Amino acid sequence: MPRMDSFVEYTVELLEPLGPVQARSMFGGWGLYFGGRMFGLIIQGQLYLKTDDVTRPAFEAEGCRPFIYQSRGKEQPMSYWTPPADAEDDGRRLLPWARRAVEASNRAAMKKAAKKAPAAKKAPAAKRKRVKPS
């Protein structure tokens, strides 16, 4: 496992008031986890936080930017956005944004679990008696 760089360590330290945050190496960057769910991403020295339809408008209103990667020559935006510029180095200002990201992560997990839940089984159709033609 790669050793955390100073920015990852610093970010995890800023997020200490949130609770136990773990950083895991992934795809050339780092995933940030709280309660076993990924809520943040650090890649190329930039922090991105999980958003969803509920939280994205607040990020947009603050001028935050989505994480975008290139795939097959096309830009692919993800549901991870930068925090507001004034919150990037200020743990007190970053905390509410991180909480929004954790909430978005929890909603995504609940949505995913609901899709995987087995549908109620339907009663088998009554067997029809075949009548032979006379």
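The values are calculated or read from the model by the stated rules, or taken from the named source; none is laboratory data. What you see is a predicted model; the values in this text were computed from it and never measured. For neighbour counting, all protein chains shown are included, and Cβ atoms are generated from backbone atoms with ideal geometry for every residue, glycine included. For the accessible areas, the whole protein counts, side chains as well, though only heavy atoms, and no ligand, DNA or RNA atoms are used. Shrake-Rupley method; radii C 1.70, N 1.55, O 1.52, S 1.80 Å.
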Total residues in the stretch 53-77, condition touching a strand residue (DSSP E or B) at 6+ places or on another chain (Cβ under 7 Å), open to solvent by less than 30 Å² (accessible area, probe 1.4 Å) and assigned to a loop (DSSP other than H, G, I, E, B): 1
Residue in the stretch 33-53 that is modelled with pLDDT under 95, under 19 Å from Asp5 (Cα atoms) and of a type outside the set (A, V, I, L, M, F, W, C) present: yes
Test for Pro83: is it over 23 Å from Tyr10 (Cα atoms) and not in a helix (DSSP H, G or I): no
Residue count, the stretch 15-42 (criterion: open to solvent by 30 Å² or more (accessible area, probe 1.4 Å), in contact (Cβ under 8 Å) with a residue 24 or more places away in the chain and outside any loop (DSSP other than H, G, I, E, B)): 6
